[in-house]
Amino acid sequence: MQKAVLAHWLDALEDWPLDQVRGALIAWQMDNPNRRPNPGHIVQMLKKRRGEQYAQKLAALPKPAEAQPVVTEEARQRNLEVVSQLFPTIAKRMPEVKE
C-alpha cells in the first residue's frame with residue numbers, strides 16, 4: 001500500500017522541480033498543521049504560485065504606447081483626391097471619417 005501511495009505522489013509531482021515541491025509542502029504544513037496533504041493539494045498550490053509569478057512578470061512589462069494612426073490625415077486627403085480623380089462615383093459614396 002505504501003508503495004502505491006508513493007507511486008501516486010511521484011506520478012502527480014514528476015513534472016515539478018524538487019525545490020518548488022518542497023516549498024509547497026512546507027507552505028501546506030504551515031497553513032494546515034493538523035491535516036495531511038494529498039498530491040492534488042500540492043499541485044494546486046504549485047499552479048497557483050506559478051500563475052502569481054506569471055502575473056507579476058506581466059505587470060512588470062512596460063505598457064505599450066498608444067497606437068499611432070496608420071494613415072495620417074494629410075495622406076488620407078491625398079488618397080481621397082486621387083480616388084476622386086480616378087473614380088468620381090466611388091468617392092461620392094465613401095463615408096465621411098469622424099474622429
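Miscellaneous remarks
- Of all the criteria given as (1) open to solvent by 100 Å² or more (accessible area, probe 1.4 Å); (2) among the charged types (D, E, K, R); (3) in a helix (DSSP H, G or I), the one not satisfied by Arg35 is (3).
- Yes/no for Arg76 being open to solvent by less than 90 Å² (accessible area, probe 1.4 Å), out of contact with any helix residue (DSSP H, G or I) (no Cβ under 9 Å at 6 or more places or on another chain) and not in a loop (DSSP other than H, G, I, E, B): yes
- The set of residues in the range 38-60 that are open to solvent by 100 Å² or more (accessible area, probe 1.4 Å) and over 18 Å from Glu14 (Cα atoms) comprises Tyr54, Gln56, Lys57.
- Residues satisfying the stated conditions in the range 10-32, i.e. open to solvent by 90 Å² or more (accessible area, probe 1.4 Å) and either in contact with a Lys or Arg (Cβ under 7 Å, 6 or more places away or on another chain) or closer than 14 Å to Arg50 by Cβ (or both): Asp15, Asp19
- Single condition Val71 does not satisfy, out of (1) assigned to a helix (DSSP H, G or I); (2) open to solvent by less than 90 Å² (accessible area, probe 1.4 Å): (1)
The values are calculated or read from the model by the stated rules, or taken from the named source; none is laboratory data. Everything numeric here is computed off the predicted structure, so don't read it as measured data. Positions of Cβ are backbone-derived with ideal geometry, glycine not excepted, and every protein chain shown enters the neighbour counts. All accessible areas refer to the heavy atoms of the entire protein, side chains included, with ligands and DNA or RNA removed. Shrake-Rupley method; radii C 1.70, N 1.55, O 1.52, S 1.80 Å.
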